[in-house]
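The values are calculated or read from the model by the stated rules, or taken from the named source; none is laboratory data. All values reported here derive from a predicted model rather than from experimental measurement. Don't worry about glycine lacking a Cβ; one is built from the backbone with ideal geometry, like all the others, and counts go over all protein chains shown.
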Amino acid sequence: MKRSERLGIGLVGCGNIAGTYLRNAGLFSGVEFRACADLDEAAASRRADEFGLKALPLDALLADDAVDLVLNLTVPNAHFAVSMAALAAGKHVFTEKPLAATATEGRRLVAEAERLGLAIGSAPDTFLGAAGRLARRMVEDGAIGKVVTGTAFMMTRGMEHWHPNPQFYYQPGGGPVLDMGPYYITMLVNLLGPARRIMAMNTTGEPERRITAPGPTHGARFSVGTPTTITALIEFASGATVVAGMSWDVFRHGNHPIELHGTEGSLRLPDPDTFGGTVAISRRGADWEEHATAGLRHGRLNWPYDAPDRANYRMLGVADLAAALEEDRPARASGALALHVLEVLEGMLEASISGAPVHLPERSVRPAPLTESEAVALGG
């Protein structure tokens, strides 16, 4: 791909999250959507009409010369098959999280992309946002000294209160760890480097859930097939240890999403499922200094469009992958990073079931920091 060209994207999976990616694409100069596909042909047609794309069957999309990269927004259990088909068709891939339903599948995807000389990337890319960039600069500048310990908490009541068809979230391949854990673990790896050992426990609050979201399934009950609360202790190769709690059994809590504590102070991060928010630092026990990021690139409030209350720049990782192809460098939201994160998440589940520690493969996956000038150059 020449620098003057845009990376042509074919979207597979036209559900809820697709609209965000499609709207945000216009913010980034190096990418352009050209086609879309979905098992539900009507859904693909609606997205195509809304955004001026071609609605194609999957095979036709994969064969389309205008498509350089497949953006895989299918449900988690379909990630592997769609991404592997895209690679076989000679397309680069960027997939929603997790990279695949299992680490075994994730390893096959990364190996196949490498064998074919293709790029593979994966959400989340939120760590590239304004808050993640600021927090990383603070850590690397030694603002809190050597990081010793920390906490990461994702605690809600689950998905059935807003999603009309939440059943898949509560089956193997879903659950709070695999669905929401990628945001937290990816941010931690960005800040601390790779993890090496995990211990964990799990429980399930309710064996059945009731859908309370509006719609035709309101009131329906379904069985839960994966743990809904996991508490883990993660040891990083740097020596830092972090307690991570992931739960869909919590009505209300006062825990901050991520806190890191070092030899010179403490750092507090906003929700890693967003690109902005306030980063706070306490230097050697002093009062918290709050640093808003709304004035930085990818930190401005822009979502929801009709009443913005958060920063949402999904497509940033795709834009960085497009730039990486031009510059012959690794993408930051890479398949290798996503594979390590998946190994951590799978390790949390495995350790919680077996009761034994899980030792992770050694991987050098911490992405290069995204500078402010590079962030501006990507757009958004």
### Matching residues, the range 37-67, being within 16 Å of ALA89 (Cβ to Cβ), within 25 Å of the chain's Cα centre (by Cα) and not small (Gly, Ala, Ser)
LEU58, LEU61, LEU62, VAL67
### Message
Please pick out the residue among ALA130, ALA152 that is of a type outside the set (Val, Ile, Thr) and in contact with a Pro (Cβ under 8 Å, 6 or more places away or on another chain).
### Response
ALA152
### Query
Out of GLU343, GLU350, GLU374, which single residue is assigned to a helix (DSSP H, G or I) and over 17 Å from GLY181 (Cβ atoms)?
GLU374
### Query
Quick one: is GLY175 over 15 Å from GLY150 (Cα atoms), crowded, with 16+ Cβ neighbours inside 10 Å and either under 17 Å from the mean Cα position of the chain (by Cα) or not assigned by TED's automatic domain parsing to the domain that holds PHE275 (or both)?
yes
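Taking the range 277-335 only, how many residues are hydroxyl-bearing (Ser, Thr, Tyr) and within 17 Å of the chain's Cα centre (by Cα)?
So the first thing to find is which residues in the range 277-335 are hydroxyl-bearing (Ser, Thr, Tyr), and the list is 278, 282, 293, 305, 313, 334.
Now restrict to residues that are within 17 Å of the chain's Cα centre (by Cα): 313, 334.
Of the residues in that region, 2 qualify.
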### Task
Give the range 2-59 a look and list any residue that's within 24 Å of HIS298 (Cβ to Cβ), among the charged types (D, E, K, R) and surrounded by fewer than 14 Cβ atoms within 10 Å (Cβ to Cβ), or say none.
ARG3, GLU5
### Task
Go through the range 330-370 and give me each residue that's farther than 23 Å from MET199 by Cβ and without any contact (Cβ under 8 Å) to a residue 24 or more places away in the chain.
none
### Task
Check every one of the strands (runs of 3 or more DSSP E) wholly within the range 1-100 and list those with 1 or more residues that are farther than 30 Å from GLU346 by Cβ and in contact (Cβ under 8 Å) with a residue 12 or more places away in the chain.
7-12, 31-37
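For (1) touching a Leu at 6+ places or on another chain (Cβ under 9 Å); (2) closer than 14 Å to ALA18 by Cβ; (3) modelled with pLDDT of 95 or more; (4) of a type outside the set (D, E, K, R), each residue gets a yes or a no:
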site	(1), (2), (3), (4)
ARG47	yes, yes, yes, no
LYS54	yes, no, yes, no
HIS79	yes, no, yes, yes
VAL82	yes, yes, yes, yes
LEU87	yes, no, yes, yes
THR95	yes, yes, yes, yes
### Query
Could we say that PRO227 is crowded, with 17+ Cβ neighbours inside 10 Å, outside the structural domain of LEU69 (by TED's automatic domain parsing) and more than 24 Å from LEU370 (Cβ to Cβ) here?
yes
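Pull up the range 175-199, narrow it to residues that are within 20 Å of ASP271 (Cβ to Cβ) and small (Gly, Ala, Ser), then point me to the one that is modelled with the highest pLDDT.
Step one: of the range 175-199, the residues within 20 Å of ASP271 (Cβ to Cβ) are 175-192.
Filter once more, so that each one left must be small (Gly, Ala, Ser): 175, 181.
On the way: GLY175: 92, GLY181: 96.
If we take residues in the range 175-199 being within 20 Å of ASP271 (Cβ to Cβ) and small (Gly, Ala, Ser), then GLY181 is modelled with the highest pLDDT.
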### Query
Going by the structure shown, is GLY205 part of a loop (DSSP other than H, G, I, E, B), over 30 Å from MET315 (Cα atoms), in contact (Cβ under 8 Å) with a residue 40 or more places away in the chain and among the small types (Gly, Ala, Ser)?
yes
### Task
Taking only the range 142-161 into account, find how many residues are basic (Lys, Arg) and either assigned to a strand (DSSP E or B) or surrounded by fewer than 16 Cβ atoms within 10 Å (Cβ to Cβ) (or both).
1
#### Entry: Given (1) crowded, with 24+ Cβ neighbours inside 10 Å; (2) aromatic (Phe, Trp, Tyr); (3) more than 29 Å from VAL365 (Cβ to Cβ), index of the condition TYR305 fails
(1)
## Note on the structure
Residue set THR212, THR186, THR241; condition among the polar types (S, T, N, Q) and buried (at least 20 other Cβ atoms within 10 Å of the Cβ); output residue THR186
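Scan the range 101-124 residue by residue and report those that are closer than 21 Å to ALA323 by Cβ, touching a residue at least 12 places away in the same chain (Cβ under 8 Å) and not small (Gly, Ala, Ser). Spell out how you get there, then give the answer.
Going residue by residue through the range 101-124, those that are closer than 21 Å to ALA323 by Cβ are 110, 113-114, 116-124.
Applying the additional criterion that residues be touching a residue at least 12 places away in the same chain (Cβ under 8 Å) yields 110, 113, 116, 118-124.
The answer is VAL110, LEU116, LEU118, ILE120, PRO124.
Just to be sure, is LEU71 outside the structural domain of GLY174 (by TED's automatic domain parsing), buried (at least 22 other Cβ atoms within 10 Å of the Cβ) and within 22 Å of the chain's Cα centre (by Cα)? I'd like the intermediate steps shown before the answer.
Values: outside the structural domain of GLY174 (by TED's automatic domain parsing): yes; buried (at least 22 other Cβ atoms within 10 Å of the Cβ): yes; within 22 Å of the chain's Cα centre (by Cα): yes.
Taking the combined requirement at face value, the residue satisfies it.
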